[in-house]
Structure formats: structure tokens, C-alpha cells
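Engineer: Okay, here's the structure, questions in a sec.
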Amino acid sequence: MSSTVEQPSPSVEIHHRQGSGPAVLLCEHASSHIPAHYHDLGLKPEHRRSHAVWDIGARAVAVKLSAMLDAPLVASRVSRLVYDCNRPPEAQSAMPARVEVIDVPGNHRLTAAQRAARVEAVYRPFCDAVTRLLAERAAHRTPTVLITLHSFTPSFHGRVRAVEIGILHDVDRRLADAMLAQAPRLPHRRIERNAPYGPEDGVTHSLKRHGIANGLANVMIEIRNDLLATPEGEEALARELVQLIRPALASLGMTPAAGEGQQDA
């Protein structure tokens, strides 16, 4: 199965738009790219490719899942520090001045006009791409669930995180429950609900805007990024996630498409 990539704007890309499987994938923190006119946001060189800038390994896993699940994928092409597409414009964390111990000088004291410019350059194109894709599928009556892909750092503010895969949800827990029911398929993994973050941390914006608002079952997947340190790790985690996703979709009455290189679990 070949996968095409579209770039409807400089800040967003769409993989495999015609995918006919029931999942639509989002990767809001896919890129470490900071456009030149932001001058690296004043970041120290040692922080330029850190977890603060992007979700390490998340895009690679999302692209693999797109092929395995025959699923369209919408991914941001701009760093989450320029604008975090999983936050609404009114949230201060949409353009954070600090992430854990990492200072972001280029986000200090942003004016209303500067914030609005980033919303129009990054957030609106991303949301518009998701909205159009979901509308196309609705017009064709294609059964759809929404899955967002993220990664997280193994230690945050000095606290070690034992969880390896987090299955996150907001008020709609259908898909999360169905995936967690499949956790025994991965006995070697520590899989937890709403960890290392939950709705109280403001991380379910995309689920609410694009999933819940459209009546779509939805889930956010978080992967500890030390498991994604190599291409082999990315491949392994993508295949493990498929073992949770495919039977979960089936339990919700959706036929999971057999994608590239993936047999029924």
C-alpha cells in the first residue's frame, strides 16, 4: 500500500488521506521545526531537540500506524513551542514560556498580535485540515474514531515515570476502555489509564474539539520516549499498539482494515 503526503499549508501535513480504515490519526507535536524568523525561540543549543520542542518518536510511530491501519494521519510541521496544536488559543500553555526546566525566551511577553499571528499560522491550518478530513469521511459515511499520538519524557521535574504506555480519555471513554481491555496482550508493558497526564492537565483539547464534538469515539496514546530511541523501537511500539487498537475497534463494531505488513492480531 503506497502512502501519499499532502501539505495543505507550511504548518501541516496529511498522510494517506484516502485511507479507508476506521481510525483517523493526529500527531500534534510531530515536528521539531522552528521557522527561521523565530530565531530558535532563544533556546539553548542543548535544548533545541529536547522533549520540550516536540514529542520524540511520535511522528515515526504515527506514520507506521497510518500504514498498518490504512488510516489518514494529520501531523503538525511546526514545533509545539511555536504553537501547541493540542491547546486552545486562550491557553497560556499554547505558547509556553517554560517547559519543565527549559526556558523559552522567544515566548516571553508575547503581545496579543503575536499570539494571534501564531494561531493563524499554525493552529488554524491544523484544525482546518482535521475538520475537512472528518467532513469528507462523514459525507461518505465512513465509520470513524479519532486517535492522537504523543510521547513523554521518562523523568519530569525529577520524578521518574514507570508507565510505558498511557491510554488517555476525557468524558468519552469508549475507545480507551476497549484498548485497556486488550492490555493483557502486552504483559511486558506497563499500561495505565490517564497517565502520565489526564484531562485535568489540559491535554485533551484535540479529543474534545475533533472527537467528542463530532460524536466520535476517541483516545490519546502516550508512549514513553526512551522506548522510541531507535527505528527498531519505533517499529516495535507501532506493532504493539496495533495489538491494542485493532481488537478494540472490532469490539466497537468497526472492521479494522488490514494495512501494510499487518496481519490480524
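A short reminder: the numbers here are calculations on the coordinates, not readings from a lab. What you are looking at is a predicted structure, and each value in this text was computed from that prediction instead of being measured. Every residue, glycine as well, gets a Cβ built from its backbone with ideal geometry; the counts of neighbours run over all protein chains shown.
Engineer: Are any residues in segment 180-225 farther than 27 Å from R124 by Cβ and part of a helix (DSSP H, G or I), and if so, which ones?
Structural biologist: If the condition is that a residue be farther than 27 Å from R124 by Cβ and part of a helix (DSSP H, G or I), then L180, A183, P184, R185, N225 are the ones that fit.
Engineer: Something else now. Out of the residues in segment 161-201 that are among the acidic types (D, E) and surrounded by fewer than 16 Cβ atoms within 10 Å (Cβ to Cβ), state the one that is farthest from A229 (Cα to Cα).
Structural biologist: From segment 161-201, those among the acidic types (D, E) are 164, 170, 172, 177, 192, 200-201; that's our starting set.
Then drop every residue that is not surrounded by fewer than 16 Cβ atoms within 10 Å (Cβ to Cβ), which leaves 200-201.
Details: E200: 29, D201: 26 Å.
Among those residues, the one meeting the criterion is E200.
Engineer: Being touching a Phe, Trp or Tyr at 6+ places or on another chain (Cβ under 7 Å), among the polar types (S, T, N, Q) and closer than 20 Å to K208 by Cα is the filter here, so list the residues in segment 46-86 that pass it.
Structural biologist: S76, the sole residue that qualifies.
Engineer: Something else now. Restricting to segment 101-130, give me the number of residues that are surrounded by 13 or more Cβ atoms within 10 Å (Cβ to Cβ) and in a loop (DSSP other than H, G, I, E, B).
Structural biologist: 2
Engineer: Another question, then. Restricting to segment 53-87, give me the number of residues that are closer than 25 Å to T4 by Cβ and either in a helix (DSSP H, G or I) or among the aromatic types (F, W, Y) (or both).
Structural biologist: Counting residues in segment 53-87 that are closer than 25 Å to T4 by Cβ and either in a helix (DSSP H, G or I) or among the aromatic types (F, W, Y) (or both) gives 12.
Engineer: Checking G166 against (1) in a helix (DSSP H, G or I); (2) free of Cβ contacts under 8 Å to residues at least 60 places away in the same chain; (3) among the small types (G, A, S), which test does it fail?
Structural biologist: (1)
Engineer: Considering each residue of segment 1-42, count those that are within 19 Å of A94 (Cα to Cα) and either free of Cβ contacts under 8 Å to residues at least 24 places away in the same chain or among the aromatic types (F, W, Y) (or both), and give that number.
Structural biologist: Selection size over segment 1-42: 2.
Engineer: Does S50 fit the bill of being more than 24 Å from S20 (Cβ to Cβ) and in a helix (DSSP H, G or I)?
Structural biologist: On the way: more than 24 Å from S20 (Cβ to Cβ): yes; in a helix (DSSP H, G or I): no.
Answer is no for this residue.
Engineer: Consider N86 carefully, then state whether it is touching an Asp or Glu at 6+ places or on another chain (Cβ under 6 Å), surrounded by 15 or more Cβ atoms within 10 Å (Cβ to Cβ) and touching a residue at least 24 places away in the same chain (Cβ under 8 Å). If you could, list the steps in order and put the result at the bottom.
Structural biologist: Values: touching an Asp or Glu at 6+ places or on another chain (Cβ under 6 Å): yes; surrounded by 15 or more Cβ atoms within 10 Å (Cβ to Cβ): yes; touching a residue at least 24 places away in the same chain (Cβ under 8 Å): yes.
The answer is yes for N86.
Engineer: Ok, one more. Output the residues belonging to segment 26-81 that are out of contact with any strand residue (DSSP E or B) (no Cβ under 6 Å at 6 or more places or on another chain), among the charged types (D, E, K, R) and under 30 Å from E136 (Cα atoms).
Structural biologist: Those that are out of contact with any strand residue (DSSP E or B) (no Cβ under 6 Å at 6 or more places or on another chain), among the charged types (D, E, K, R) and under 30 Å from E136 (Cα atoms): K64, D70, R80.
Engineer: Given the options A23, A52, A62, A36, name the one that is small (G, A, S) and closer than 15 Å to C85 by Cβ. Reasoning before the result, please.
Structural biologist: On the way: A23 fails: closer than 15 Å to C85 by Cβ; A52 fails: closer than 15 Å to C85 by Cβ; A36 fails: closer than 15 Å to C85 by Cβ.
On inspection, the qualifying residue turns out to be A62.
Engineer: Among what's in segment 91-100 and is free of Cβ contacts under 8 Å to residues at least 60 places away in the same chain and not in a helix (DSSP H, G or I), pick the residue that is surrounded by the most Cβ atoms within 10 Å (Cβ to Cβ).
Structural biologist: So, considering only residues that are free of Cβ contacts under 8 Å to residues at least 60 places away in the same chain and not in a helix (DSSP H, G or I), the one surrounded by the most Cβ atoms within 10 Å (Cβ to Cβ) is M95.
Engineer: Scan segment 21-53 for residues that are surrounded by 24 or more Cβ atoms within 10 Å (Cβ to Cβ) and either under 27 Å from V104 (Cα atoms) or out of contact with any helix residue (DSSP H, G or I) (no Cβ under 9 Å at 6 or more places or on another chain) (or both) and report the count.
Structural biologist: First, the residues of segment 21-53 that are surrounded by 24 or more Cβ atoms within 10 Å (Cβ to Cβ): 21-30, 53.
Keeping just the survivors that are either under 27 Å from V104 (Cα atoms) or out of contact with any helix residue (DSSP H, G or I) (no Cβ under 9 Å at 6 or more places or on another chain) (or both) gives 26-30, 53.
Number of matching residues: 6.
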